[in-house]
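Here is the structure we will look at.
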């Protein structure tokens, strides 16, 4: 007698990846983003291996006699207003924009996720107190709030991270709260409560893990917004300060020379645009892949 073939059950991660890779645009965005991460990591390794020799000699070293030189065989992206190689500066700028955006969103995800979970789980007075404060923060445009925080605390990498993180906390708090409100009254939560599980155990073991899908999507899209905010702060002179390479500060210092050399503004702008586009299409792909209503 022939035994029936038992089909292997797909895990959530396997099913999500199966759906995600069908979206070619999202897959392309993930490849672009992965390449940028590898570039950022390689610059850190090079700095450690050469004791910042490459950074000092090729990224921030000036050559005023060759300033504003256009793209050529020796300098494929040309030279900026101080004669610095734009290609090398673009490469080294990746880690500041990408990693700072990721760290800022990670901080806001943790803080906003906890606040949203507490507000949604306890409700009533706790919910009102937390969410009204989030509404006050949401009433202020995130860029304006970040600018005010940096202006008050001073210009430094740490203060920029704090400013961006605080400005995105309300978004994550509202996202998690909405998920918690749909989860907290389900049967498995009632069963855990009946078995004597504490509130903190229910929140961290049952509620937050089941709220991760919208949180992951929001975090991916949030990194794109954070990178734009970091570039905007640097453009205004409140973010990363020269000569440290960062796309926003490169645009800010180059705007006075746009007529003499188109490349010094177009190339950093393209870097920002491509990164944001990759993050957005990947976020859209993740949203579709994590949606249980889509059984494609």
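Derivation of every value follows stated rules applied to the coordinates shown; laboratory data play no part. What you see is a predicted model, and the numbers here were worked out from it, not measured in a lab. Here the Cβ positions follow ideal geometry from the backbone for every residue, glycine too, while neighbour counts run over all protein chains shown.
Between the helical axis of 124-139 and the longest alpha-carbon principal axis of the chain there is an angle of about 20 degrees. Mind giving me the FRET efficiency for residue 204 and residue 133? R0 is 30 Å, r the Cβ-Cβ distance, nearest 0.05 is fine. Efficiency, rounded to the nearest 0.05: 0.85.
Between residue 148 and residue 181, the modelled labels are 2.6 nm apart [label points 7 Å from Cα along Cα→Cβ]. With the highest mean first, a sort of the peptides 167-176, 57-66, 25-34 on other beta-carbon atoms found within 10 angstrom per residue produces 167-176, 25-34, 57-66. Whole-percent P(r), region 222-296, all Cα pairs, 5 Å bins from 0: 3, 16, 20, 18, 14, 9, 7, 5, 4, 3, 1.
Translational diffusion of region 133-209, estimated by Stokes-Einstein from the Kirkwood radius over alpha carbon pairs at 37 °C in a medium of 0.692 mPa s, is 224 µm² per second.
Structural descriptor for the chain: relative contact order 25 percent, calculated from alpha carbon pairs under 8 angstrom and at least 6 residues apart.
Working value for region 131-176: equivalent-ellipsoid semi-axes of 20, 11, 7 Å, each the square root of 5 times a Cα gyration tensor eigenvalue, largest first. Every Cα-Cα pair in region 151-195 was counted, and those over 17 Å apart are 56% of them. Which number do you get for Rg(Cα) / (2.2 N^0.38 Å) in region 26-89? Rounded to two decimals, the normalised Rg is 1.33. Computed as a quarter of the hull surface, the mean projected area of the alpha carbon convex hull for region 94-166 stands at 5.1 nm². Past the 22 angstrom mark, what percentage of all C-alpha to C-alpha distances in region 177-262 do you count? So the portion of pairs separated by more than 22 Å is 54 percent.
The order of the peptides 123-134, 216-227, 68-79 by mean Cβ neighbours within 10 Å, most packed first, is 216-227, 68-79, 123-134.
Restricting to Cα atoms and excluding each atom paired with itself, what does the Kirkwood estimate give for the chain in Å? About 21.6 Å, per the Kirkwood formula over Cα pairs. Taking only alpha carbon atoms, region 7-115 gives an Rg to Rh ratio of 1.16, where Rh is the Kirkwood radius. What whole-number distance in Å separates the alpha-carbon centres of region 153-216 and region 76-113? Region 153-216 and region 76-113 have Cα centres spaced 28 Å from each other.
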